[in-house]
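Below: one structure, written as C-alpha coordinates.
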Amino acid sequence: MAMRMLEAGGLPIVTDGLRRADTANPKGYYEFEPVKGLDKQGDTAWLVDARGKAVKIISFLLTHLPESYDYLVVFMRRDLGEVVASQNQMLDARGKERGAADDRTSVLYAQHVEQVERFLRQRSCFSVLMVDYAAVVADPAGQAARINQFVGGGLDVERMATVAEPALYRNRRG
(Lines give C-alpha, C1' and ligand atoms only; values in the text may rest on other atoms or scores of the structure.)
Protein backbone atom coordinates (compact mmCIF):
# COMPACT_ATOMS: atom_id res chain seq x y z
CA MET A 1 0.00 0.00 0.00
CA ALA A 2 2.86 2.40 0.74
CA MET A 3 4.27 2.02 -2.76
CA ARG A 4 0.86 2.62 -4.33
CA MET A 5 0.40 5.73 -2.18
CA LEU A 6 3.78 7.14 -3.16
CA GLU A 7 3.12 6.41 -6.83
CA ALA A 8 -0.34 7.99 -6.68
CA GLY A 9 1.19 11.05 -5.03
CA GLY A 10 3.56 11.51 -7.94
CA LEU A 11 6.80 10.02 -6.64
CA PRO A 12 8.57 7.94 -9.30
CA ILE A 13 8.84 4.29 -8.32
CA VAL A 14 11.29 1.54 -9.17
CA THR A 15 9.61 -1.73 -10.15
CA ASP A 16 10.06 -4.29 -12.87
CA GLY A 17 6.49 -5.64 -12.95
CA LEU A 18 7.73 -9.24 -13.06
CA ARG A 19 5.55 -10.43 -10.19
CA ARG A 20 1.97 -9.97 -11.30
CA ALA A 21 -1.00 -9.08 -9.14
CA ASP A 22 -2.92 -12.08 -7.82
CA THR A 23 -5.72 -12.86 -5.38
CA ALA A 24 -3.38 -12.41 -2.41
CA ASN A 25 -2.30 -8.96 -3.62
CA PRO A 26 -4.76 -7.76 -6.28
CA LYS A 27 -3.10 -4.35 -6.69
CA GLY A 28 0.33 -5.80 -7.38
CA TYR A 29 3.62 -6.31 -5.58
CA TYR A 30 5.78 -3.38 -6.75
CA GLU A 31 8.92 -5.48 -6.55
CA PHE A 32 12.27 -4.96 -8.25
CA GLU A 33 14.26 -8.14 -8.79
CA PRO A 34 17.76 -6.73 -8.04
CA VAL A 35 16.59 -5.85 -4.50
CA LYS A 36 16.31 -9.57 -3.75
CA GLY A 37 20.09 -9.93 -4.10
CA LEU A 38 21.02 -7.39 -1.44
CA ASP A 39 21.81 -10.12 1.11
CA LYS A 40 24.00 -11.95 -1.40
CA GLN A 41 26.41 -9.07 -2.10
CA GLY A 42 24.53 -8.60 -5.35
CA ASP A 43 24.91 -5.70 -7.70
CA THR A 44 23.87 -2.43 -6.08
CA ALA A 45 24.68 -0.20 -9.05
CA TRP A 46 20.91 0.24 -9.50
CA LEU A 47 20.85 2.37 -6.34
CA VAL A 48 22.35 5.30 -8.29
CA ASP A 49 19.35 5.35 -10.64
CA ALA A 50 16.93 4.87 -7.72
CA ARG A 51 17.84 8.19 -6.08
CA GLY A 52 14.70 10.28 -5.58
CA LYS A 53 12.46 7.29 -6.29
CA ALA A 54 10.58 4.80 -4.13
CA VAL A 55 11.84 1.21 -3.96
CA LYS A 56 10.07 -1.57 -2.08
CA ILE A 57 12.52 -3.38 0.19
CA ILE A 58 11.39 -5.94 2.74
CA SER A 59 12.60 -5.38 6.29
CA PHE A 60 15.13 -8.23 6.21
CA LEU A 61 16.92 -6.71 3.23
CA LEU A 62 17.09 -3.17 4.64
CA THR A 63 20.01 -4.28 6.79
CA HIS A 64 22.02 -5.11 3.64
CA LEU A 65 21.82 -1.67 2.03
CA PRO A 66 25.26 -0.07 1.64
CA GLU A 67 25.86 2.84 4.01
CA SER A 68 27.27 4.94 1.17
CA TYR A 69 23.82 6.45 0.50
CA ASP A 70 21.21 8.21 2.62
CA TYR A 71 17.80 6.55 2.75
CA LEU A 72 14.29 7.70 3.64
CA VAL A 73 12.47 4.62 4.90
CA VAL A 74 8.70 4.53 5.15
CA PHE A 75 8.42 1.48 7.40
CA MET A 76 4.92 0.05 7.10
CA ARG A 77 4.04 -1.82 10.29
CA ARG A 78 1.17 -4.24 10.59
CA ASP A 79 -0.16 -6.40 13.40
CA LEU A 80 2.00 -9.51 13.23
CA GLY A 81 -0.95 -11.84 13.79
CA GLU A 82 -2.50 -10.30 10.67
CA VAL A 83 0.74 -10.80 8.75
CA VAL A 84 0.87 -14.48 9.72
CA ALA A 85 -2.81 -14.99 8.80
CA SER A 86 -2.23 -13.30 5.43
CA GLN A 87 0.84 -15.41 4.69
CA ASN A 88 -1.01 -18.58 5.69
CA GLN A 89 -3.82 -17.76 3.27
CA MET A 90 -1.31 -17.17 0.49
CA LEU A 91 0.48 -20.48 1.23
CA ASP A 92 -2.84 -22.35 1.37
CA ALA A 93 -3.92 -20.87 -1.97
CA ARG A 94 -0.64 -21.98 -3.54
CA GLY A 95 -0.87 -25.45 -2.00
CA LYS A 96 2.35 -24.91 -0.06
CA GLU A 97 3.13 -26.12 3.43
CA ARG A 98 3.00 -23.68 6.31
CA GLY A 99 6.07 -23.15 8.45
CA ALA A 100 6.17 -22.91 12.23
CA ALA A 101 3.02 -22.64 14.33
CA ASP A 102 1.35 -19.24 14.17
CA ASP A 103 2.34 -18.27 17.72
CA ARG A 104 5.97 -19.18 17.10
CA THR A 105 5.95 -17.35 13.77
CA SER A 106 4.55 -14.21 15.42
CA VAL A 107 7.28 -14.32 18.06
CA LEU A 108 9.98 -14.71 15.39
CA TYR A 109 8.53 -11.83 13.37
CA ALA A 110 8.36 -9.60 16.43
CA GLN A 111 12.01 -10.32 17.23
CA HIS A 112 12.98 -9.64 13.63
CA VAL A 113 11.14 -6.31 13.47
CA GLU A 114 12.72 -5.25 16.76
CA GLN A 115 16.20 -6.09 15.41
CA VAL A 116 15.61 -4.19 12.17
CA GLU A 117 14.25 -1.15 13.98
CA ARG A 118 17.29 -1.15 16.28
CA PHE A 119 19.59 -1.46 13.24
CA LEU A 120 17.90 1.48 11.49
CA ARG A 121 18.17 3.68 14.61
CA GLN A 122 21.89 2.96 14.89
CA ARG A 123 22.76 3.93 11.30
CA SER A 124 22.94 7.63 10.44
CA CYS A 125 22.24 6.89 6.76
CA PHE A 126 18.62 5.97 7.58
CA SER A 127 15.76 8.39 8.31
CA VAL A 128 12.68 6.39 9.23
CA LEU A 129 8.97 7.12 9.39
CA MET A 130 6.95 4.40 11.12
CA VAL A 131 3.51 4.05 9.55
CA ASP A 132 0.83 1.73 10.92
CA TYR A 133 -1.15 -0.12 8.25
CA ALA A 134 -4.40 0.02 10.23
CA ALA A 135 -3.91 3.77 10.83
CA VAL A 136 -3.59 4.33 7.07
CA VAL A 137 -6.86 2.52 6.46
CA ALA A 138 -8.57 4.44 9.30
CA ASP A 139 -7.15 7.87 8.40
CA PRO A 140 -5.72 7.80 4.88
CA ALA A 141 -5.59 11.59 4.48
CA GLY A 142 -3.77 12.13 7.78
CA GLN A 143 -1.27 9.36 7.13
CA ALA A 144 -0.73 10.50 3.52
CA ALA A 145 0.08 13.98 4.86
CA ARG A 146 2.64 12.49 7.28
CA ILE A 147 4.30 10.52 4.48
CA ASN A 148 4.30 13.56 2.19
CA GLN A 149 5.96 15.71 4.85
CA PHE A 150 8.54 12.99 5.54
CA VAL A 151 9.60 12.70 1.90
CA GLY A 152 9.94 16.47 1.57
CA GLY A 153 6.50 17.53 0.40
CA GLY A 154 5.21 18.12 -3.07
CA LEU A 155 3.16 14.94 -3.40
CA ASP A 156 -0.56 14.89 -4.17
CA VAL A 157 -1.88 13.97 -0.71
CA GLU A 158 -5.49 13.68 -1.89
CA ARG A 159 -4.55 11.13 -4.54
CA MET A 160 -2.38 9.26 -2.04
CA ALA A 161 -5.32 8.97 0.34
CA THR A 162 -7.52 7.33 -2.31
CA VAL A 163 -5.22 4.31 -2.38
CA ALA A 164 -6.20 3.05 1.07
CA GLU A 165 -8.98 0.59 0.30
CA PRO A 166 -10.62 -0.86 3.41
CA ALA A 167 -11.94 -3.78 1.33
CA LEU A 168 -8.34 -4.92 0.79
CA TYR A 169 -7.65 -4.94 4.54
CA ARG A 170 -8.32 -8.61 5.03
CA ASN A 171 -7.15 -10.80 7.90
CA ARG A 172 -7.60 -7.96 10.34
CA ARG A 173 -7.93 -8.53 14.03
CA GLY A 174 -11.26 -7.73 15.71
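The values are calculated or read from the model by the stated rules, or taken from the named source; none is laboratory data. Note that the structure is predicted; figures quoted are calculated from it, not measured. Note: ideal-geometry Cβ built from the backbone for every residue, glycine included; neighbour counts use all protein chains shown.
How about region 113-164: which helices (runs of 4 or more DSSP H) wholly inside it have at least 3 residues that are closer than 17 Å to E7 by Cβ? Explain how you work it out, then say what you get.
Values: elements: 133-138, 140-150, 157-161.
Helices (runs of 4 or more DSSP H) meeting the threshold: 140-150, 157-161.
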May I ask you to list pairs of residues, at least six apart or on different chains, whose Cβ atoms are under 9 Å apart, with the first in region 42-53 being at positive phi and the second being surrounded by 15 or more Cβ atoms within 10 Å (Cβ to Cβ)? G52/L11
Only one of R94, R118, R104, R78 that is modelled with pLDDT of 70 or more and either among the hydroxyl-bearing types (S, T, Y) or more than 17 Å from I58 (Cα to Cα) (or both): R104
One residue is enough: does region 31-39 have a residue meeting the conditions β-branched (V, I, T), under 21 Å from R121 (Cα atoms), surrounded by 18 or more Cβ atoms within 10 Å (Cβ to Cβ) and in contact with a strand residue (DSSP E or B) (Cβ under 8 Å, 6 or more places away or on another chain)? no
Within region 37-60, restricting to residues that are outside any helix (DSSP H, G or I) and among the polar types (S, T, N, Q), the one that is farthest from Q115 (Cα to Cα) is T44
Filter result for S86 (surrounded by 15 or more Cβ atoms within 10 Å (Cβ to Cβ), modelled with pLDDT under 95 and out of contact with any helix residue (DSSP H, G or I) (no Cβ under 9 Å at 6 or more places or on another chain)): yes
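Y109 - would you say it is hydroxyl-bearing (S, T, Y), in contact with a Leu (Cβ under 8 Å, 6 or more places away or on another chain), at pLDDT below 95 and surrounded by 16 or more Cβ atoms within 10 Å (Cβ to Cβ)?
On the way: hydroxyl-bearing (S, T, Y): yes; in contact with a Leu (Cβ under 8 Å, 6 or more places away or on another chain): yes; at pLDDT below 95: yes; surrounded by 16 or more Cβ atoms within 10 Å (Cβ to Cβ): yes.
Yes; evaluated as a whole, the condition is true for this residue.
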Cβ contacts < 7 Å: first residue closer than 13 Å to T162 by Cβ, restricted to region 1-21; second residue among the basic types (K, R) and at pLDDT 95 or above, any location; separation 6+ or different chain. Result? A8/R159; G9/R159
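Determine if region 13-21 includes at least one residue that is in contact with a Leu (Cβ under 8 Å, 6 or more places away or on another chain) and closer than 19 Å to G153 by Cα. Don't jump to the end; show me each part of the working.
As a first pass, look at region 13-21 and keep what is in contact with a Leu (Cβ under 8 Å, 6 or more places away or on another chain): 13.
Next, only the ones that are closer than 19 Å to G153 by Cα stay: 13.
Within region 13-21 (the criterion being in contact with a Leu (Cβ under 8 Å, 6 or more places away or on another chain) and closer than 19 Å to G153 by Cα), the answer is yes, since at least one residue qualifies.
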Restricting to region 40-67, count the residues that are surrounded by 12 or more Cβ atoms within 10 Å (Cβ to Cβ) and in contact with a strand residue (DSSP E or B) (Cβ under 9 Å, 6 or more places away or on another chain). 11
